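The values are calculated or read from the model by the stated rules, or taken from the named source; none is laboratory data. These numbers were taken from a predicted model, which means no experiment stands behind them. All Cβ positions, glycine included, derive from the backbone under ideal geometry; neighbour counts span all protein chains shown.
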């Protein structure tokens with residue numbers, strides 16, 4: 001009986017440790033933002049259900065969204081919206097995703113996972129550093145304070 005109680009206490013302690021908010025991504029990046037491809041403009045980045053989602057959309061004209069995502073641990077590409085000629089999303093190395101997405105009135109993007117604790121998004125728009133006001137994070141479409149965007153657990 002004492003052994004069962006000790007095991008239960010150990011399991012509860014482990015659960016409390018790993019469910020600690022310190023292991024969660026910040027609330028500012030959680031949840032899918034409301035946007036409509038072709039109606040909104042910019043980057044939309046969010047975390048949901050253990051995956052990261054990066055999207056680009058344009059409401060007028062052709063725009064090139066490009067950059068890199070760096071992690072402190074391995075990044076795993078899970079899904080890429082079909083891209084046009086000359087565009088790409090690929091692993092530059094196990095901790096870096098490089099992308100170029102030409103977007104016109106639709107949506108482009110990719111999803112990835114990581115077990116890491118830190119991500120850096122270096123985002124460009126039409127070959128220039130993307131302005132912070134076109135970068136939308138999480139459900140509330142928060143704008144970052146900097147580009148590169150650094151997100152830590």
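Checking 151, 89 one by one, the residue that is in contact (Cβ under 8 Å) with a residue 12 or more places away in the chain, touching a strand residue (DSSP E or B) at 6+ places or on another chain (Cβ under 6 Å) and farther than 21 Å from residue 30 by Cα is 89 and no other.
Do the conditions hold for residue 120, that is, is it touching a residue at least 12 places away in the same chain (Cβ under 8 Å), under 11 Å from the mean Cα position of the chain (by Cα), farther than 20 Å from residue 144 by Cα and not in a loop (DSSP other than H, G, I, E, B)?
Considered against the rule, which asks whether it is touching a residue at least 12 places away in the same chain (Cβ under 8 Å), under 11 Å from the mean Cα position of the chain (by Cα), farther than 20 Å from residue 144 by Cα and not in a loop (DSSP other than H, G, I, E, B), residue 120 comes out as no.
Of all the numbered requirements in (1) exposed (fewer than 15 other Cβ atoms within 10 Å of the Cβ); (2) in a loop (DSSP other than H, G, I, E, B); (3) modelled with pLDDT of 95 or more, residue 133 misses one, and that requirement is (2).
Which one of 63, 47 is touching a helix residue (DSSP H, G or I) at 6+ places or on another chain (Cβ under 7 Å) and surrounded by 14 or more Cβ atoms within 10 Å (Cβ to Cβ)?
Just a single option satisfies the conditions, and that option is 47.
Residue 53 - would you say it is farther than 18 Å from residue 111 by Cα, in contact with a strand residue (DSSP E or B) (Cβ under 8 Å, 6 or more places away or on another chain) and either loosely packed, with under 15 Cβ neighbours inside 10 Å or modelled with pLDDT of 95 or more (or both)? No; evaluated as a whole, the condition is false for this residue.
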